[in-house]
Amino acid sequence: MAKVCILGGGFIGRFYADSLSGRRGRDHVSVVYARKEETAIRFAKDYAVPVFLTDMEAAIAHADSEFVVIALPNFLHEEAVMLCVKHKKAVLCTKPLGRTAEEALRMTQACEEAGIFAGYLEDLCYTPKFLKSLKSVQEGAIGRILWAKSRETHPGPHADWFWDLEKAGGGAMLDLGCHCVEIARNFIGKDVLPVEVMCWADTQVKPIDAEDHAIGLVKYENGAIGQFEVSWTFRGGMDLRDEVMGTEGTIWVNSFLRTGFEMFTSGVGDHYVAEKAESSSGWQFPVGDEAHELGYPNMFNDMFDAYEQGTTPRETFYDGYVVNAILDAAYASAKTKMWEPVKLPLWRGQRGLQKPSVYQSYDAEHWLIKEEILPNGDKKTILKHKTTGEISELEQWKK
């Protein structure tokens with residue numbers, strides 16, 4: 001049984017508590033910390049938490065705090081992690097790990113040097129659809145991965161600090177892009193070096209200093225491309241989608257907005273529809289079990305099981321650090337309008353990978369480009385001569 005201390009009694013802290021309560025059946029939130037006393041009291045009442053505090057260090061040091069779960073604003077992550085290091089407490093931190101790679105690396109190295117368990121709470125890498133997709137990719141079902149694209153867009157976050165550039169460390173790109181970048185890394189291979197990033201980012205709608213919309217490309221050493229699309233200006237709810245293209249197949253995943261549950265209502269009554277839903281009338285797209293569909297129970301199962309078994313969870317602080325480094329390069333590219341290198345002074349994956357050749361021979365003299373059956377039943381074959389480079393075609397007419 002894990003005795004959990006949650007730091008943060010707001011939106012994400014409540015999602016975590018909902019996911020922990022009754023999932024594995026043996027974990028319990030025993031301590032909660034919140035910056036506001038009224039928040040701590042309300043959280044403790046709603047989740048039957050026996051200890052509620054407004055002193056962060058006291059909450060971390062408490063005898064009933066075996067696992068510390070950080071559900072705090074970005075600017076408090078490092079302070080909370082360092083207190084966990086000081087008191088030798090296992091720590092799980094929400095995304096993004098840091099506001100910058102420099103922050104994330106300090107946290108990663110401090111936990112490793114102290115020998116404490118540290119897990120990165122990247123929930124969208126634990127959704128049921130993602131886990132099944134990843135298994136298919138790892139089993140080779142769609143061949144070598146060429147392109148992994150992830151999109152998260154919605155009308156904007158729920159708390160004031162997200163909109164403050166200094167406190168958050170960035171805008172939509174850091175808030176949402178951290179999910180998308182790590183999803184693509186999983187599909188492409190976490191041990192494949194991210195080399196450089198090209199990014200466009202702008203503030204299109206919101207009166208803020210940070211970006212509210214961004215699109216980026218991440219080039220990997222093996223030739224694969226990761227792509228992210230993020231926005232705080234999207235209207236219509238929260239849209240979570242992934243696409244993976246390989247040499248032998250394609251995967252499309254829609255994790256939230258259009259999942260097969262549709263409902264029409266005139267708006268009568270006072271009801272919750274789904275996270276980031278903009279209206280409670282008209283056609284609605286509820287989510288049956290939000291915590292499950294967003295990956296939270298699978299995530300905590302992985303974290304606590306890894307801790308108990310002395311293994312490494314799927315998502316570690318090191319992963320959070322790599323994500324931050326990729327996003328640092330994206331922010332640099334958004335300013336320079338050029339490809340910017342990913343700076344990873346600590347890299348534990350492969351080096352020196354090259355894009356492999358997957359050309360398919362048609363015969364001794366030709367490469368096969370494409371074969372196609374035309375609407376009239378004819379078959380056309382496009383070839384390239386291996387020596388001269390000449391492109392030609394063969395036609396087989398339907399008899």
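The values are calculated or read from the model by the stated rules, or taken from the named source; none is laboratory data. Treat the numbers as computed from the prediction; the structure is a model and nothing was measured. Backbone-built Cβ (ideal geometry, glycine too); neighbour counts: all protein chains shown. Remember, those area values only see protein heavy atoms, side chains included, never the ligands or the DNA or RNA. Shrake-Rupley method; radii C 1.70, N 1.55, O 1.52, S 1.80 Å.
Computed values, structure above
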read-out	value
Largest-first ellipsoid semi-axes for segment 129-255, taking √(5λ) over the Cα gyration tensor eigenvalues, angstrom	28, 15, 11
Full-extension gain in nm, Ser136 to Val253, via 0.36 nm per residue minus C-alpha separation	40.8 nm
Unit Cα scatterers, Debye sum, segment 1-80: log10 I(q)/I(0) for q = 0.19, 0.21 Å⁻¹	-0.69, -0.86
Considering only the chain, percent of DSSP beta bridges that pair antiparallel, nearest 5	65 percent
About the Cα centre, charge dipole magnitude for segment 286-354 (Lys/Arg +1, Asp/Glu -1 at Cβ), debye	700 debye
Reduced Cα scattering model of segment 341-399, Debye log10 I(q)/I(0), q = 0.14, 0.30, 0.31 Å⁻¹	-0.58, -1.19, -1.21
Alpha carbon centroid spacing (whole Å) that separates segment 176-237 from segment 323-342	10 Å
Under the Karplus curve 6.51 cos²θ - 1.76 cosθ + 1.60, θ = phi - 60°, whole-Hz ³J(HN,Hα) for segment 138-147, x wherever Gly or Pro sits	5, 7, x, 5, 10, x, 6, 6, 9, 8
Å² of accessible area per residue within the chain, as computed with a 1.4 Å probe and no ligands counted	47 Å²
Rounded accessible area of Lys129 (nearest 10 Å², 1.4 Å probe)	70 Å²
Potential lengthening between Ile382 and Glu308 on full extension [0.36 nm per residue; Cα-Cα distance subtracted]	21.0 nm
FRET efficiency, Trp161 to Glu79 (Cβ-Cβ, R0 22 Å, nearest 0.05)	0.95
Carbon and sulfur %, accessible surface of the chain computed with the full protein complex present, 1.4 Å	51 percent
Cα centroid separation - segment 49-81 against segment 343-394, whole Å	54 Å
Rg and Dmax [Cα atoms of segment 83-180; Å; Rg one decimal, Dmax integer]	16.5, 46
Å³ per residue enclosed by the Cα convex hull of the chain	189 Å³
HN-Hα J in Hz across segment 257-266 - Karplus 6.51, -1.76, 1.60, θ = phi - 60°, x for Gly and Pro	5, 10, 10, x, 10, 10, 8, 10, 9, 6
